[in-house]
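Everything below concerns the one structure shown next.
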Amino acid sequence: MLLALAAMIGVAAAAAVAVSARDDGSKPAAAAAACRALAGRPPLALDLPGAALPAQDQQDDDAVLRAAERRLPPGDVRISVGRLVDAYRSAGAAATLRGLQRLDQSQPVVRLHEGLVQLWAGDCTAAERTLQRVRTDDLYGYYGTVADNTLHTDQRPGLPIYIPPDGTPHGSLEQLRARVRTHPDDGPAWLGLAYVEEAAGNRRAALAAAKQARAVDPTAVSPRVAVAVIGYDKADPTASFAVLGPLTAQASDPTEVLFHLGLLLYWRKQDTDAVAQWRQVVSESPGSIYGKIAAQLMRQIS
């Protein structure tokens with residue numbers, strides 16, 4: 001269980017999908033203040049059915065396109081997007097963008113790659129505008145996540161994971177959903193549901209469950225931490241820090257708060273500050289779930 005939780009955090013932090021994980025010597029960021037055209041072609045990010053591609057293929061656009069052609073029906077818009085991006089070097093940015101704009105604009109995969117082409121072409125103002133729309137319209141979705149990662153390369157990709165305290169009700173998604181239907185005033189059950197929804201990739205549902213836990217017991221520490229962490233917004237990270245900061249002084253046992261404060265600092269690439277929080281957690285509560293995971297995370301990043 002402990003290693004699985006630490007691995008979940010590590011996977012989330014590595015989930016750059018196609019853009020910010022690229023080790024091509026460039027650091028794409030849709031910031032108009034320092035904009036330049038980027039070498040090579042834009043990355044190809046396609047949400048495909050079936051098993052995840054091997055790690056090496058995920059970073060190989062040709063492998064991604066071949067997988068799309070194998071797995072998707074002919075005429076699927078994702079294949080069209082892949083072929084247009086694949087031809088970027090020979091066709092050029094303007095022709096690639098025109099081709100994408102002829103596709104179904106209601107599809108986030110299309111608009112994401114329009115933004116990436118604009119970014120690679122050096123039109124960062126347009127890229128930022130396009131990627132912001134994708135992020136908003138597909139919030140927590142595959143393409144919205146890639147857009148979010150691209151817009152915020154100053155932070156780790158993906159989003160932080162809330163870990164509930166020892167003793168939180170656990171079970172399958174179906175069991176916890178049934179429990180809160182039967183006992184809607186069971187705050188800890190809502191918190192357990194938030195964690196399981198989050199682990200299943202249902203972040204919107206997880207945030208709703210965390211907010212329900214907070215509504216049941218608005219003065220409890222754990223629901224407020226859960227809402228702050230699950231609701232973490234890369235565009236406004238200070239909102240979550242504004243919740244956790246005061247809670248470190250208000251909580252009778254700040255272990256949970258300090259652990260998650262360290263996690264958010266880690267997501268902002270402030271590793272030294274994150275480790276300072278985690279060391280305090282390990283020192284004060286080494287046997288708790290937070291002490292154990294904090295120790296594991298420090299080993300992972302050392």
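The lone criterion from (1) assigned to a helix (DSSP H, G or I); (2) more than 23 Å from ARG279 (Cα to Cα) left unmet by ASP236 is number (1). When each of GLU284, GLU256 is tested for being open to solvent by less than 40 Å² (accessible area, probe 1.4 Å), over 15 Å from the mean Cα position of the chain (by Cα) and among the acidic types (Asp, Glu), the lone residue that passes is GLU256.
Within segment 36-50, the residues that satisfy the criterion of being modelled with pLDDT of 95 or more and open to solvent by 40 Å² or more (accessible area, probe 1.4 Å) are ASP47, PRO49, GLY50.
The residues listed here are ASP57, ASP62, ASP47; of these, the one that is of a type in the set (Asp, Glu) and not in a helix (DSSP H, G or I) is ASP47.
Okay, residues lined up against (1) surrounded by fewer than 23 Cβ atoms within 10 Å (Cβ to Cβ); (2) not aliphatic (A, V, I, L, M):
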| position | (1), (2) |
| --- | --- |
| ALA52 | yes, no |
| ARG70 | yes, yes |
| GLY75 | yes, yes |
| SER80 | yes, yes |
| THR96 | no, yes |
| HIS113 | no, yes |
| VAL117 | no, no |
| GLY144 | yes, yes |
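Condition first: under 17 Å from the mean Cα position of the chain (by Cα), hydroxyl-bearing (Ser, Thr, Tyr) and within 30 Å of GLN107 (Cβ to Cβ). Can you find one or more residues in segment 162-171 that meet it? No, segment 162-171 has no match at all. Scanning segment 6-23 turns up no residue that is modelled with pLDDT of 50 or more, not charged (D, E, K, R) and not in a helix (DSSP H, G or I).
Looking only at residues of segment 160-202 that are open to solvent by 50 Å² or more (accessible area, probe 1.4 Å) and among the polar types (S, T, N, Q), we find that the one that is farthest from LYS234 (Cα to Cα) is THR182. Might you let me know whether segment 120-130 holds any residue that is β-branched (Val, Ile, Thr) and open to solvent by less than 30 Å² (accessible area, probe 1.4 Å)? The answer is yes, given that some residue of segment 120-130 is β-branched (Val, Ile, Thr) and open to solvent by less than 30 Å² (accessible area, probe 1.4 Å). Considering the conditions (1) open to solvent by less than 50 Å² (accessible area, probe 1.4 Å); (2) assigned to a helix (DSSP H, G or I); (3) farther than 19 Å from SER288 by Cβ, GLN212 is excluded by exactly one of them, (1).
Of the residues making up segment 82-94, just one is crowded, with 17+ Cβ neighbours inside 10 Å, free of Cβ contacts under 8 Å to residues at least 40 places away in the same chain and not hydrophobic (A, V, I, L, M, F, W, C), namely GLY82. Residue selection: ALA220 fails the criterion of being on the phi < 0 side of the Ramachandran plot, among the hydrophobic types (A, V, I, L, M, F, W, C), modelled with pLDDT of 95 or more and crowded, with 22+ Cβ neighbours inside 10 Å.
The values are calculated or read from the model by the stated rules, or taken from the named source; none is laboratory data. On a predicted model such as this, the values are computed, not experimentally measured, just so you know. Backbone-built Cβ (ideal geometry, glycine too); neighbour counts: all protein chains shown. We work out accessible area using only protein heavy atoms, side chains counted, and drop any ligands, DNA or RNA first. Shrake-Rupley method; radii C 1.70, N 1.55, O 1.52, S 1.80 Å.
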